[in-house]
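Heads up, the thing below is written out as structure tokens.
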Amino acid sequence: MFLTHLECSACGKQHDWKRLQNLCIACGKPLFAIYDLEAVRKLECNMRSSLAEREKSLWRWRELLPLPEDVEPVSLGEGGTPLLKSKKFGGEVDVDLWIKDESVNPTQSFKARGMSVAVSMAKFLGARKLAAPSAGNAGGALAAYAARAGLEAHIFMPRDTPRANVIECRETGAHVTLIDGLITDCGAEIAKRKEREGWFDVSTLKEPYRIEGKKTLGFEIAEQLDWKLPDVILYPTGGGTGLIGMWKAFDEMEKLGWIDDRRPRMFSVQASGCAPIVRAFEAGEKFAPEFPDAHTAASGLRVPKAIGDFLMLDILRKSNGGAIAVDDEELIRAMREVGSKEGVFVAPEGAACFVALKKLRASGKIDIGERVVIFNTGSGIKYLDVFNA
Ligand SMILES: Cc1ncc(COP(=O)(O)O)c(C=O)c1O
Ligand SMILES: [Zn+2]
């Protein structure tokens with residue numbers, strides 16, 4: 001294993017990876033996993049050239065993930081998802097559009113990536129009971145991976161979370177508590193009780209390894225596009241783990257000599273009813289204040305306050321990208337448009353990115369012919385409630 005230590009993303013303080021860790025003990029910000037990339041680079045059997053023979057799951061990137069070599073990961077075959085070339089939508093807005101379809105993951109969303117790595121490490125380091133607040137898909141993934149690992153899962157969800165997510169969590173053995181409030185209220189409930197209950201908190205960015213699973217999105221698109229990153233990435237943003245993880249992956253790949261120093265312009269796509277990152281980006285702020293009265297049918301985007309806000313805002317600015325909000329009516333309408341044009345029943349969060357693409361083309365922030373990757377982070381099938389209204 002090439003993991004050497006954990007480092008605070010804000011103050012740089014180092015932490016030992018061999019102990020279960022949540023946030024930085026000095027400043028309370030997220031911790032990042034740091035690897036000996038020089039050693040990976042020098043490996044006798046060059047890692048990149050052996051990829052073709054490896055398993056399809058995200059564990060094919062083993063040298064760039066935590067977990068000692070002789071420990072079996074908790075896996076359901078996550079990752080290795082298709083990057084689909086758009087059939088119609090891209091041509092209609094004059095861009096070279098690709099769709100990273102994460103709906104084919106175990107539990108039908110990209111949350112499987114983060115949970116596979118986080119649950120693997122938590123189990124290895126001795127955790128027995130895992131807890132997380134969830135807007136829906138993270139809960140489903142935690143329930144499944146905890147069941148697979150033989151660990152307890154305690155999941156707190158807003159009462160109006162899509163029904164499919166709640167049922168899925170219960171049927172895969174999790175203890176589910178519904179809260180009259182938002183994901184932030186669910187997180188506060190866990191923080192209050194975790195000590196007494198002996199829970200290890202696997203909330204977004206509050207432990208170091210979900211982001212490691214999510215960073216494999218960055219490795220995969222690089223490999224699938226022949227090691228040339230796209231011009232633009234559109235990412236439906238709640239807590240921002242995928243955005244932050246991909247950016248970390250780009251840095252690691254550059255240090256390994258796999259890619260050059262060019263980066264895609266990264267755009268956060270949010271819902272108009274909950275757009276803290278869009279507001280803070282536009283206001284030139286370093287942190288994003290809590291968004292009042294958060295509401296949207298794209299439940300994964302209903303995150304009024306994110307602990308990784310400063311990391312996201314920094315990435316959007318450094319990459320020369322931006323942040324854009326989309327109305328619920330538009331994103332729900334886009335589900336049918338994308339479904340009928342591309343054959344993918346996208347999640348509302350993924351659909352939001354297609355609306356954002358049209359807007360960014362219209363405003364000239366994306367040029368004709370640019371290569372754009374959209375992340376469809378989940379499956380429309382979990383959101384049937386949206387169509388009852
Ligand atoms: C389908 C879907 N897309 C996007 C998101 C937002 O992801 P992130 O927290 O990585 O920003 C979520 C989070 O719940 C989700 O379920
Ligand atoms: Zn710190």
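The values are calculated or read from the model by the stated rules, or taken from the named source; none is laboratory data. These figures come from a predicted structure and were not determined experimentally. We place every Cβ from the backbone using ideal geometry, glycine too, and count neighbours over all the protein chains shown. To get the accessible areas, we keep the full protein, side chains included, count just its heavy atoms, and leave off ligands, DNA and RNA. Shrake-Rupley method; radii C 1.70, N 1.55, O 1.52, S 1.80 Å.
So here's what we get for this one:
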item: Filter pass, ALA131 being open to solvent by less than 20 Å² (accessible area, probe 1.4 Å) and within 13 Å of ligand 1 (Cβ to nearest atom); result: no
item: Subset of the stretch 372-389 (residues that are closer than 13 Å to LYS100 by Cα and more than 10 Å from ligand 1 (Cβ to nearest atom)); result: VAL372, VAL373, ILE374
item: Every residue from the stretch 79-111 that is of a type in the set (S, T, N, Q) and either within 18 Å of LEU229 (Cβ to Cβ) or open to solvent by 30 Å² or more (accessible area, probe 1.4 Å) (or both); result: THR81, SER86, GLN108
item: Test result for TRP98, on the phi < 0 side of the Ramachandran plot, touching a residue at least 60 places away in the same chain (Cβ under 8 Å) and away from ligand 2 (no atom under 16 Å from the Cβ); result: yes
item: Filter result for the condition that a residue is of a type in the set (A, V, I, L, M, F, W, C), surrounded by 20 or more Cβ atoms within 10 Å (Cβ to Cβ), modelled with pLDDT of 95 or more and not in a strand (DSSP E or B), over ALA26, ALA39, ALA118; result: ALA118
item: Positions within the stretch 1-23 being more than 8 Å from ligand 2 (Cβ to nearest atom), farther than 16 Å from VAL202 by Cα and open to solvent by 30 Å² or more (accessible area, probe 1.4 Å), in sequence order; result: MET1, PHE2, THR4, HIS5, GLU7, GLN14, ASP16, LYS18
